[in-house]
Amino acid sequence: MGETEFKLEEATTSEVHGDRKGGMYCTVSRIVMSLLTVTVLIAATAVLVYYLPTRPVDQVATKPSIVNYPTAADDITPTGRLTTSAESPGNTTTTDLTTTAQQPQPTGAPVTLAPPDDIMKGRLSKTVLPRRYELTLRPFLYDDDVPDSKLGQRFTFDGWVRIKVECMEATDEITLHSKNITIHGMPTVHSVSTLDNTDIFESYKMIEEYSFLVLKLKEMLRPHEGYDIFIRYSGIMATDILLGFYPSKYITSQNETRYIATTQMEGPYARRVLPCFDEPTFKASYDVQLEHRTDMSALSNGIDIRRIQLDSHWSRTYFKRVPSMPTYLLAFVVHDFSSINVTNAHGCLIRIWCETELTDYASYALNVSESIQTYFDDYLDNEFPLDKQDHIAIQEFFFGAMENWGLITYRDITLLYDEAMYGSGRYVALMITHELAHMWFGNLVTMDWWNDLWLNEGFATYMQHIGIDLVLPELKISEQFYANRVSFALYVDGTGVYPSLREPVYATEGDILGQFNGITYEKGGSILWMLEHFLTLDVFNQGIRNYLKERAYKNANAEHLWEELTYADKDVGKHDVKRIMDTWTLQPGYPLITLTRTGQDIVATQKRFMFNFNANRSTEFDDLGHRWYVPLTYVYKSGPSDQFDKPEQVWMEPADQYSYIKLPDEAASDDWYLANAKMVGFYRVNYEDDNWQRLLDQAAVDPSVFPEETKVGLIDLTHYLSIAEVIPRYIYQNFSTYFGPSSPSTRRAVVATSSYFAKMLLRNDTGRSQPASPVQNYMQQLIEPLYAESGWDDSFTPDIQRQRRNKHQFDVTSAACFHSNIHCVDKASSLVKAYMDEEKPITVSPNLRSVVYCNGIRFGGRPEWNYGWEMMQTTTDRQERARWMSALTCSRDSSLLKSYLQTVLEQGLGLDLHRGEAALILIGVAENPAGYQVAWDFIRSNWEGTYELLKGNREISISDVFGEVTSFFNTQEELQELLDFGSSHRLGVLKYAYQAAIIETEVNIRWMVNSAQQTDQWIASIV
Ligand SMILES: [Zn+2]
């Protein structure tokens, strides 16, 4: 599913502002960040939840594909894939990870963990499998449609479905999914294998708990025979949640309200649109027809092949059959939009659809999607199989985007872009690339079950970097993989409360939706990044190409991927990929590697990294002993000139108490050495004091010997190690001093890490205190050079392309204003005053308007706030409305913030808030140093109301809001408030966010006791 812009924006905002989850890092300026792409954040918050399922995995690993879609790949036999030889690998490893029969197993653990006994509860049986659906739907969007509606209501739809199934085991029942669907008359069931055309349907019943529709038959179905199930029904178009089949409203420039009908099926929402086998492994082909008003048009996954007029009001559009895919990828849109199109070099028609008035903003998306899709065809050696690929921009949309095969749906701002006026091109490119990666990872090859969702989302996260490198090479996005992805995943996983990547998932909506979390996306992408590096890019690519060919039109789990990668590596590194990767996917957390050098020998040990090593750690489904196969790369001072790109590597094994590195003789006794050379490994490293000092000495004398990733990584690593009290503070302080000035990216890393101190030390100090505190001065000093460079000038640094410049300029200006840079504050304040006085037309670049509005209100008084409130309510420009709406959360007046929240809760959508805007406002207040206490009081005293406000499409963002609030906590009183809250409230989806908040608060308290004063003194000594 589309990673939300939130995730994307967050990942990029970490360049300046650090991790979004920021309890121990910095979310200090998320409030300003959130203004950039306001609507973007709305979605983002929905997905980024640290709610994870509570129980172990579905081990349906080796079940055969149920799909018989004919492909050339079916002829490939994976014979001998795991019988690679036992020769030692080519590099200087101390352990041998080649695939031999007698390799030791990870310490004290079976390789395959058993799922809980009841994990199949609520799952469909495989006695009957769907082969093809023939489906017709007719939505009723307007009042004059209603006379033809069977339910006699607007925002309903009528449908009929014929499901061609194959019996696998004799049974007299067929169970499928159906939710909120009204069946008309009785279903029928006929054999298609015999001439006997008797209807064998007897009765049906619903099992509400599992959304099961059970058809009881008059006779037993015979194995390997085909049957037709036919059902006429009606359904409700959801107006309260953006799921299933729902109407999305938009308003034209003539102030005309219009609707389109659209769908969001992932997670388990197809069952709200048609009776179906609504699990990812039940793939089938689809023949779809949509009936719609003659003045509207229709889109679905396949290309439209025919349209006929049924009567004066209705037409029917037929779509080409879509090959084997799961129900969650189905998509139907009835619309009155326009499109632009191009046919790519491989003959695929690519179209961008949007409101007719917005087509000027569609050409960027068309260019990017054409380039990326064509590139992925070649890169993956696997051509996109459908005739067309539609991308459509929808105003009211649950996630950032959704990768429906052949018809990708987007929140409008994630697809449309205009250099001067609209959206963020960088963000649009990231989103399109992510969704296009799913065409292969998820759509062509689908995970068996939701526990392997990371195969979809981890790959889409990873492939984003491959694609963006093509279309926006100036971003150097691969250089930022650590900062954008790995750092965040290490942070989240370091709290010790989240389960493993492949945690078992029950067949409940909460469990399934809970899979769309930071671990799935970021840790999933990060371990693929590590895997690519230790296998080499060539081997990795060969493996995934084989994987795609082998599993095309079928399902897969991680085991299939391991098998193909092992096979591709059989004559190269000879790694046993499954054995290695099980330790990273079947247990939570990651290792802290401790290295100690004596002479030319370095001893390495591992233990699980925890921010609080004394805390309880998650123990469910993680009995691999908390030890890992670690590809430990290293370089040293006098090593070869290309050593950072081709580092030496040893394997650490779970069973070994110690692992060893032998430095060559030419390494001098006072050479520094460095492990995890370019920070591609998913682990943290600690050294003996002497080596830290040698690294610091090198950084002081000539930091340029370290690549950019390594410098950023060392700043980040030592910050977190000192927060976890693994190393003394001075190491981080010195690295940040030495590396900070060396480049914009290291300076941003220092700003990001320092924001934690600012957050902890300043707390309610919301700026402009006189005299400014040392920390405030320090932050200003750090940001000043970046600010001076970017400033407000619309034409600075012409050597970098506009997109990168815009993003950079926004980040830097936001941070400068947030930390009370006088120039920035005065500029923003005077611009807002000028708006208010209407002295003259104000020209502020759209890129910086959010910063201006937010800080005009932050550093203004009630008149500015009232002006913002008025603007929010009166502007007809959606983007402007969203900017003002967020800007209002920037106020330093807690009474204003309190009444703002109260209004949101009491009036909710009565304020005509766009769905999700309430969550955005709550998060904005939560991120505000002057507001987190207001938000906390609000949540505690209105828990049920808050839950209600955010439930449905916003349910998950409760965790997000909660995380923002508690990231400020650093006192025993606040810890006690947290504990009291947990004991007296139903936490539901908040479970993991709550546990993480307790850990973070404990760590923050410890930092305040052990480090706050000294950090303050250090800062005072250098400003
Ligand atoms: Zn995705």
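Only one entry in Thr520, Thr566, Thr536, Thr594 is open to solvent by 10 Å² or more (accessible area, probe 1.4 Å), in contact (Cβ under 8 Å) with a residue 40 or more places away in the chain and polar (S, T, N, Q), namely Thr594. Lys216 satisfies every condition listed in (1) in a loop (DSSP other than H, G, I, E, B); (2) touching a residue at least 40 places away in the same chain (Cβ under 8 Å); (3) surrounded by fewer than 17 Cβ atoms within 10 Å (Cβ to Cβ); (4) charged (D, E, K, R) except (1). Just to be sure before I move on: is Phe398 at pLDDT below 95, within 14 Å of the ligand (Cβ to nearest atom) and open to solvent by less than 20 Å² (accessible area, probe 1.4 Å) in the structure I sent? Here the answer is yes, as Phe398 does meet what is asked. Of the residues making up region 829-870, those that are within 20 Å of His808 (Cα to Cα), assigned to a helix (DSSP H, G or I) and either open to solvent by 10 Å² or more (accessible area, probe 1.4 Å) or aliphatic (A, V, I, L, M) (or both) number 6. Do you know which of the residues in region 356-384 that are of a type in the set (D, E, K, R) and modelled with pLDDT of 95 or more is nearest to Glu256 (Cα to Cα)? The extreme case among them is Glu370. Within region 282-291, not a single residue is among the aliphatic types (A, V, I, L, M) and either under 25 Å from the mean Cα position of the chain (by Cα) or modelled with pLDDT under 95 (or both). Where helices (runs of 4 or more DSSP H) sit wholly within region 509-586, those with at least 1 residues that are within 16 Å of the ligand (Cβ to nearest atom), over 29 Å from Lys121 (Cβ atoms) and within 26 Å of the chain's Cα centre (by Cα) occupy 524-535. Of all residues in region 430-474, those satisfying the criterion of being within 11 Å of the ligand (Cβ to nearest atom), assigned to a helix (DSSP H, G or I) and small (Gly, Ala, Ser) are Ala437, Gly458, Ala460. The residues in region 162-200 that are assigned to a loop (DSSP other than H, G, I, E, B) and open to solvent by less than 30 Å² (accessible area, probe 1.4 Å) can be counted, and the count is 2. In the set Gly347, Gly302, only one residue is assigned to a loop (DSSP other than H, G, I, E, B) and buried (at least 17 other Cβ atoms within 10 Å of the Cβ); that residue is Gly302. Checking the structure you have, find out if any residue of region 435-455 is of a type in the set (Gly, Ala, Ser) and more than 24 Å from Leu242 (Cβ to Cβ). Within region 435-455, none of the residues are of a type in the set (Gly, Ala, Ser) and more than 24 Å from Leu242 (Cβ to Cβ). Of all residues in region 378-400, those that are touching a residue at least 12 places away in the same chain (Cβ under 8 Å) and not in a strand (DSSP E or B) total 15. With respect to (1) away from the ligand (no atom under 16 Å from the Cβ); (2) assigned to a helix (DSSP H, G or I); (3) more than 29 Å from Ser967 (Cβ to Cβ), the lone exception for Ala483 is condition (3). Against the conditions (1) over 21 Å from Ala238 (Cβ atoms); (2) at pLDDT below 95, Glu266 satisfies every one except (1). Of the residues making up region 970-992, one or more are polar (S, T, N, Q), open to solvent by 10 Å² or more (accessible area, probe 1.4 Å) and closer than 27 Å to Leu513 by Cβ. Here Leu386 passes the criteria (1) among the hydrophobic types (A, V, I, L, M, F, W, C); (2) within 12 Å of the ligand (Cβ to nearest atom); (3) surrounded by fewer than 22 Cβ atoms within 10 Å (Cβ to Cβ) except the one numbered (2). Restricting region 230-263 to residues that are among the hydroxyl-bearing types (Ser, Thr, Tyr) and open to solvent by 70 Å² or more (accessible area, probe 1.4 Å), the residue that is modelled with the lowest pLDDT is Ser253.
For region 492-507, the condition of being within 29 Å of Leu415 (Cβ to Cβ), in contact with a helix residue (DSSP H, G or I) (Cβ under 6 Å, 6 or more places away or on another chain) and within 16 Å of the ligand (Cβ to nearest atom) holds for none of the residues.
Restricting attention to region 370-377, does a residue exist that is open to solvent by 10 Å² or more (accessible area, probe 1.4 Å), closer than 17 Å to Gly425 by Cα and either within 16 Å of the ligand (Cβ to nearest atom) or in contact (Cβ under 8 Å) with a residue 40 or more places away in the chain (or both)? The answer is yes, given that some residue of region 370-377 is open to solvent by 10 Å² or more (accessible area, probe 1.4 Å), closer than 17 Å to Gly425 by Cα and either within 16 Å of the ligand (Cβ to nearest atom) or in contact (Cβ under 8 Å) with a residue 40 or more places away in the chain (or both).
The values are calculated or read from the model by the stated rules, or taken from the named source; none is laboratory data. Everything numeric here is computed off the predicted structure, so don't read it as measured data. FYI the Cβ positions are ideal-geometry reconstructions off the backbone, even for glycines, and counts take in every protein chain you see. These area figures cover heavy atoms from the full protein model, side chains too; ligands, DNA and RNA do not enter into them. Shrake-Rupley method; radii C 1.70, N 1.55, O 1.52, S 1.80 Å.
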